[in-house]
1. Which ones in the stretch 123-147 are among the polar types (S, T, N, Q) and part of a loop (DSSP other than H, G, I, E, B)?
2. Is there a residue in the stretch 180-197 that is in contact with a helix residue (DSSP H, G or I) (Cβ under 9 Å, 6 or more places away or on another chain), buried (at least 21 other Cβ atoms within 10 Å of the Cβ) and of a type in the set (S, T, N, Q)?
3. Scan the stretch 502-515 and tell me whether some residue there is surrounded by 15 or more Cβ atoms within 10 Å (Cβ to Cβ) and small (Gly, Ala, Ser).
4. Which of the helices (runs of 4 or more DSSP H) contained wholly in the stretch 308-411 include at least 3 residues that are more than 22 Å from Asp289 (Cα to Cα), at pLDDT 95 or above and in contact with a helix residue (DSSP H, G or I) (Cβ under 8 Å, 6 or more places away or on another chain)?
5. Out of curiosity, is Lys216 modelled with pLDDT of 95 or more, assigned by TED's automatic domain parsing to the domain that holds Leu129 and surrounded by 13 or more Cβ atoms within 10 Å (Cβ to Cβ)?
6. Going through the stretch 201-240 one residue at a time, which ones are within 21 Å of Asn164 (Cβ to Cβ), charged (D, E, K, R) and assigned to a helix (DSSP H, G or I)?
7. With the requirement that a residue be more than 12 Å from Leu403 (Cβ to Cβ) and free of Cβ contacts under 8 Å to residues at least 40 places away in the same chain, what does the stretch 419-428 give you?
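The values are calculated or read from the model by the stated rules, or taken from the named source; none is laboratory data. Since this is a predicted model, take the numbers as computed values, not measurements. With ideal geometry, Cβ positions are generated from the backbone for all residues, glycine too; neighbour counts draw on all protein chains shown.
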Amino acid sequence: MRENFKKALKNIISHGDTDVFPFPFERHLFEDSLEETLDILENIHKNFDDHINISPPQTIVKASQVGYYGFRRVTLIEPFWNAYFLGLVISIAKKIEEVRLPIKDEKIFSYRFCWDKAKNTLFQDTTWLDYKRKCVELSKDYPYVLQTDISNFYPRINHHKLENELDRLNSSNTTIKILNLLSLFSGTISYGLPVGGPAARILAELSLNHADKHLKVKGIMFCRYADDYTIFCKSESEGYKTLILLSEKLANDQLSLQKGKTKILSSTEFRDIHQFLDPQEINSPDIDDEQKLLNISIRFDPYSPTAVEDYEQLKQAVQEIDIIGILSREVNKTSIDQTVTKQAINAIKVLSVEDQISAIKILLDHNNLTTLSPVFTTILRLVRSIYEDLHNSVQVLIDSSLLELFSKDNYLIKIELNLNFIIQILSIKYTDEKESLLTHLYDTEPNHLLRRQIIITMAHWNCHYWLVDVKNNFQTLSMWERRAFIYASYFLGDEGKHWREHYIKLFSPEEKLIKDWCSKRFLTNKKILV
C-alpha cells in the first residue's frame with residue numbers, strides 16, 4: 001500500500017486536498033517529510049481499528065455557493081486521514097476504471113483514472129468543456145437533445161449499493177475500510193460522499209456505472225460528465241421514453257433526476273445556448289471574444305519541460321482577446337455566464353499589470369459583487385495568486401475593498417468559505433484594522449479552519465499578547481487549531497520552547513511530526529502560507 005499512499009501524497013502536494021477549500025498547510029509538510037508521513041499512513045493501515053477508535057477523522061463541512069441562490073455542502077477531511085482515504089481508493093481505482101464504459105466510446109468524460117507520474121495527476125486531461133464540445137458536435141446529427149442531471153448527487157449515493165459494486169472488484173479488505181470511513185464522514189448515516197476531493201469522485205463514477213451501461217446497451221446516444229447527462233434523440237417522444245428509462249435505472253440506486261433542470265430541446269436551440277463552444281466556428285472571421293476564450297486552455301503546467309514556451313503561447317493567445325471587455329459585458333448582465341466569467345478571471349494571471357489592475361477594479365467593485373457572487377471564490381483565488389506582484393497602491397485598494405465587506409456587513413461574508421479565502425488575502429500585509437478584525441472573528445466565528453488561519457496570521461504579525469492567550473487555552477482547541485498553535489509557538493521564543501517541552505507528551509504522532517517540521521522551517525525562516 002505504501003506506493004498507493006505515495007501517489008495520494010504526491011497528488012495532494014501538487015494539486016491540494018480539494019478544489020473548494022483553501023489548501024491546508026499539511027500539504028507542505030507532506031512534501032518536506034514524505035517518508036515520515038508515509039510511515040504514519042502505513043501505521044494507520046496496519047492498526048486501522050485502533051486509529052479509528054482513538055483518533056477518528058475530523059471533518060469540516062461548509063456551504064459552498066452554487067449559482068445565485070443554491071448551496072451545496074462541501075467537506076474538508078483531516079489531511080492525514082484524507083491522504084489515507086485517497087490512497088485506499090487509488091489502490092482500486094484501476095479496477096474501477098476497467099469496469100466503466102471505455103474512453104474510446106466518448107460517452108463518459110468525467111474523472112477517467114490515469115495516473116501521471118510526471119504531473120502527479122489522477123485523471124485524464126478531459127474537462128467539462130470537452131464534454132460540452134462533444135455534445136455540440138453530436139447535436140448536429142439529431143433533431144432533439146435531452147438535458148438533465150441528478151438531484152443532490154453526492155449526498156444521496158447509497159453506501160450499501162456502493163459496497164456491492166466495490167465487492168465485485170474483489171477488494172473486500174479495502175472495501176471494509178472505505179465504508180467505515182464513509183460512515184464516519186457522513187455522520188454514521190448510510191449514504192453520502194464527501195464533496196470536494198478526488199477519492200469521492202472516483203467512487204461516485206462507480207455508482208453510476210449501471211445506469212451508463214443500461215443506456216449504452218439500449219443503443220442510446222448520450223454523453224455524461226459527473227451528474228450531468230446529455231442525450232440525443234430522433235424525436236421528442238424518444239426523448240421522453242429515454243427520460244423514463246434513465247429515471248427508472250437511477251431509482252434502482254436510490255437516485256433521482258432534477259425536475260427543474262430536465263428539458264428536451266431542439267438541437268438548434270441546444271446549439272444556440274452553447275454557441276461559444278461550437279468548434280466548427282472557431283476560425284470564423286467574426287468569432288466572438290467569448291468563443292475565442294473558451295477555445296483556449298488556461299491551464300498552465302510550470303513543471304513541464306516546455307513551460308517557458310507554453311507560458312508565452314498562453315500569453316499570446318490571451319492577448320488577442322479583450323478580457324476586460326468580456327468582464328465588463330458580464331457585470332452588466334442580470335446574471336453572468338459562469339463558464340465564460342470563470343475562464344476570463346483565470347486568464348487575468350497572464351495579462352499585463354495594467355490590465356490586471358483594470359480587471360481587479362471591475363471584479364472588486366461593490367456595485368458588481370452581487371452579479372459576480374457565483375464566482376466570488378474564483379475572484380478571491382485569482383487575487384491571492386497575483387497580490388504580492390502588484391504595486392502597493394493596488395494592494396491597498398484590494399484590502400480596502402475586502403475590509404468594506406465587513407464594515408457594511410455584506411452577505412458574502414456570511415458564507416464561511418468566502419471568509420477563508422478573504423483571510424488568505426488580508427493576512428499578507430499587517431494593519432491595525434486587520435488585527436482588530438481578526439481578533440473579533442476568532443472570538444465570534446466557530447469555523448475551525450478560519451480560527452487556524454487567524455492563529456497562523458497572528459504569529460506572522462508577532463501578536464505575542466494574543467498568542468499567549470491562545471496558549472493558555474490549548475487543551476480546549478480543536479485538532480485544526482492545535483496544529484496551527486504548535487507552529488505559532490515558535491514565535492514565542494523561550495516561552496514557546498518551554499511550552500512545547502511540557503506538552504510534547506500529549507502530542508499525537510501527527511503533531512510530533514508537525515512540531516519537528518515547524519522547527520526546521522522556523523530555523524530557515526520559511527513561513528507557512530495561510
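1. First, pick out the residues of the stretch 123-147 that are among the polar types (S, T, N, Q): 124, 126-127, 139, 147.
Within the stretch 123-147, Gln124, Thr126, Thr127 qualify.
2. No: the stretch 180-197 contains no residue that is in contact with a helix residue (DSSP H, G or I) (Cβ under 9 Å, 6 or more places away or on another chain), buried (at least 21 other Cβ atoms within 10 Å of the Cβ) and of a type in the set (S, T, N, Q).
3. Looking for residues that are surrounded by 15 or more Cβ atoms within 10 Å (Cβ to Cβ) and small (Gly, Ala, Ser), one finds at least one in the stretch 502-515, hence yes.
4. On the way: elements: 323-331, 338-347, 353-363, 369-372, 376-386, 392-407.
It comes to 376-386, 392-407.
5. Details: modelled with pLDDT of 95 or more: yes; assigned by TED's automatic domain parsing to the domain that holds Leu129: yes; surrounded by 13 or more Cβ atoms within 10 Å (Cβ to Cβ): yes.
Against the criterion (modelled with pLDDT of 95 or more, assigned by TED's automatic domain parsing to the domain that holds Leu129 and surrounded by 13 or more Cβ atoms within 10 Å (Cβ to Cβ)), Lys216 qualifies.
6. Arg201, Glu205, Asp212, Lys213, Lys216
7. Step one: filter the stretch 419-428 for residues more than 12 Å from Leu403 (Cβ to Cβ), giving 419-421, 424, 427-428.
Result: Leu419, single match.
Let's see how each residue does on (1) of a type in the set (Ser, Thr, Tyr); (2) crowded, with 18+ Cβ neighbours inside 10 Å; (3) in contact with a Gly (Cβ under 8 Å, 6 or more places away or on another chain):
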| position | (1), (2), (3) |
| --- | --- |
| Lys342 | no, no, no |
| Leu363 | no, yes, no |
| Asn368 | no, yes, no |
| Ser373 | yes, yes, no |
| Gln395 | no, no, no |
| Leu402 | no, yes, no |
| Ser407 | yes, no, no |
